[in-house]
Amino acid sequence: MVQFTPHLIPMVRGLLATVYATLRDPGLVREDLITIYTAFYRASPFIKVLPAGTYPQTKWACGTNLCYIGVEVDLRTNRVIVMSVTDNLIKGQAGQAIQCLNLMMGWEETLGLPKLSFYP
């Protein structure tokens, strides 16, 4: 069972989501999950898995096609907590369309998509 919490914050752009799920292996700790996530997304140029203890901020993704992911484990409840941020205007339908076109045409996946944030 997965619980998904999108956060509605009065800001111009950005999406912060918090996802909770029960761990199938109660022996896993945060570092294990970070290793698993990093390995899973190793070939995904727009996914950035953050180091232990670092949690994503929407300003990091502003103006980019990037998704930042932070992972935590709540040992009390045996739940994994995954926090992610994206720029909903670029990583949304527009950026997704360009990324899919690049893949369909055999072009570099990142072609024409920004990877540097507007935020100084």
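The values are calculated or read from the model by the stated rules, or taken from the named source; none is laboratory data. In this text, all values refer to a predicted model and were calculated from it rather than measured experimentally. Because the Cβ atoms are built from the backbone with ideal geometry, glycine has one as well, and the counts that use them run over all protein chains shown.
Among the residues of segment 25-52, those identified as over 23 Å from GLU109 (Cα atoms), free of Cβ contacts under 8 Å to residues at least 12 places away in the same chain and assigned to a loop (DSSP other than H, G, I, E, B) are ASP25, GLY27. Kindly evaluate GLU108 against the criterion of being surrounded by 15 or more Cβ atoms within 10 Å (Cβ to Cβ), of a type in the set (D, E, K, R), on the phi < 0 side of the Ramachandran plot and modelled with pLDDT of 90 or more. The answer is no for GLU108. Of all residues in segment 23-31, none are among the β-branched types (Val, Ile, Thr), at negative phi and in contact with a Phe, Trp or Tyr (Cβ under 9 Å, 6 or more places away or on another chain). Close contacts from segment 11-24, counting a first residue that is without any contact (Cβ under 8 Å) to a residue 40 or more places away in the chain and over 12 Å from THR77 (Cα atoms) and a second that is of a type outside the set (Gly, Ala, Ser) and surrounded by 16 or more Cβ atoms within 10 Å (Cβ to Cβ), with Cβ to Cβ under 9 Å and a gap of 6+ residues or different chains, come to VAL12/CYS62. Once segment 9-24 is narrowed to residues that are over 20 Å from LYS115 (Cα atoms) and part of a loop (DSSP other than H, G, I, E, B), the residue that is modelled with the highest pLDDT is LEU23. Total residues in segment 1-20 satisfying the condition of being surrounded by 14 or more Cβ atoms within 10 Å (Cβ to Cβ) and among the hydrophobic types (A, V, I, L, M, F, W, C): the figure is 4. When residues in segment 73-120 are screened for being more than 19 Å from LYS48 (Cβ to Cβ), of a type in the set (Phe, Trp, Tyr) and in contact with a helix residue (DSSP H, G or I) (Cβ under 7 Å, 6 or more places away or on another chain), 0 of them pass. Taken over segment 53-68, the criterion of being touching a residue at least 24 places away in the same chain (Cβ under 8 Å), assigned to a loop (DSSP other than H, G, I, E, B) and over 11 Å from the mean Cα position of the chain (by Cα) is satisfied by CYS62, GLY63, THR64. Against the criterion of being more than 26 Å from LYS115 (Cα to Cα) and at pLDDT 95 or above, ARG79 does not qualify.
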